[in-house]
Amino acid sequence: MYPDSETGSNGTSPAPEYTGPKLFKEPSSKSNKFIIHNALSRCCLAGKVNETQKNKIVEEMEKSPANHFLILFRDSSCQFRGVYTINADSQELVRLAGVGPRTIGSAQVESIFKYSSDRKQFSAIPSKTMGMSVDAFTIPGHLWHGGGTAGGGAGRRASVTKKAVISK
C-alpha cells in the first residue's frame, strides 16, 4: 500500500550504521563458572581456613573446557564435597575436584539447588531435571559408603575395628 514504507526511512535501523567499537560481546555459550566461583568464595568455602582448597578448585575450573559446573553437597545441609561437570555425551556428572564418586548418573541425583548471589545461599529446586539453572546437587546417602552399596563402608569399618581389638 505504501511504497516508501519499506525503503523510505533508514533511521529505524541504527545498528548497521554504527562503526565504533563493539561494546557488548555476545557470549559464545552459557556458563555458570562465575556463579560457582561466587558460591565457593562466599558460601561453601568462605574464610581463610578454606582458602587453599578453594584456590585449588578454582584453578581446576579454569583449566576445564566445561561451561557448566555443579557443586556436590553431602546432604541437604549444603556441606561442600566437590565440583562436577556434565559429560555431554553420556549425561553423567564427572568429578573435577573434591571428594565423591568419580562419576554420577543423572538418575542418582537426589535433589538439586540453585545459588542466590544476593542472599549468598542455596535454595532447593522442586525438580529432577538437570538444566543450566542447576548449581548444586546431592546424592543418596548409600552412595557415600564405599562401592555404592548400602553396607559397603560399614563392612570395612567393622573389619578395622576387629583388627584393633585383636591387637590389644
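The values are calculated or read from the model by the stated rules, or taken from the named source; none is laboratory data. All values derive from a computational prediction rather than experimental measurement. Here the Cβ positions follow ideal geometry from the backbone for every residue, glycine too, while neighbour counts run over all protein chains shown.
Summary of values
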item	result
Sole exception among (1) among the aromatic types (Phe, Trp, Tyr); (2) touching a helix residue (DSSP H, G or I) at 6+ places or on another chain (Cβ under 6 Å); (3) surrounded by fewer than 16 Cβ atoms within 10 Å (Cβ to Cβ) for residue 80, by number	(3)
Selection within region 85-118 - in a strand (DSSP E or B), in contact (Cβ under 8 Å) with a residue 24 or more places away in the chain and either among the hydrophobic types (A, V, I, L, M, F, W, C) or closer than 21 Å to residue 141 by Cα (or both)	86, 93, 96, 97, 98, 104, 111, 112, 113
Whichever residue in region 58-78 is among the hydrophobic types (A, V, I, L, M, F, W, C) and closer than 15 Å to residue 39 by Cα and, among such residues, is nearest to the chain's Cα centre (by Cα)	70
Search result, residues across region 19-60 that are at pLDDT below 55 and among the aromatic types (Phe, Trp, Tyr)	24
Those residues of region 57-75 which are under 20 Å from residue 31 (Cβ atoms), surrounded by 13 or more Cβ atoms within 10 Å (Cβ to Cβ) and of a type outside the set (Asp, Glu), in sequence order	57, 58, 61, 64, 66, 67, 68, 69, 70, 71, 72
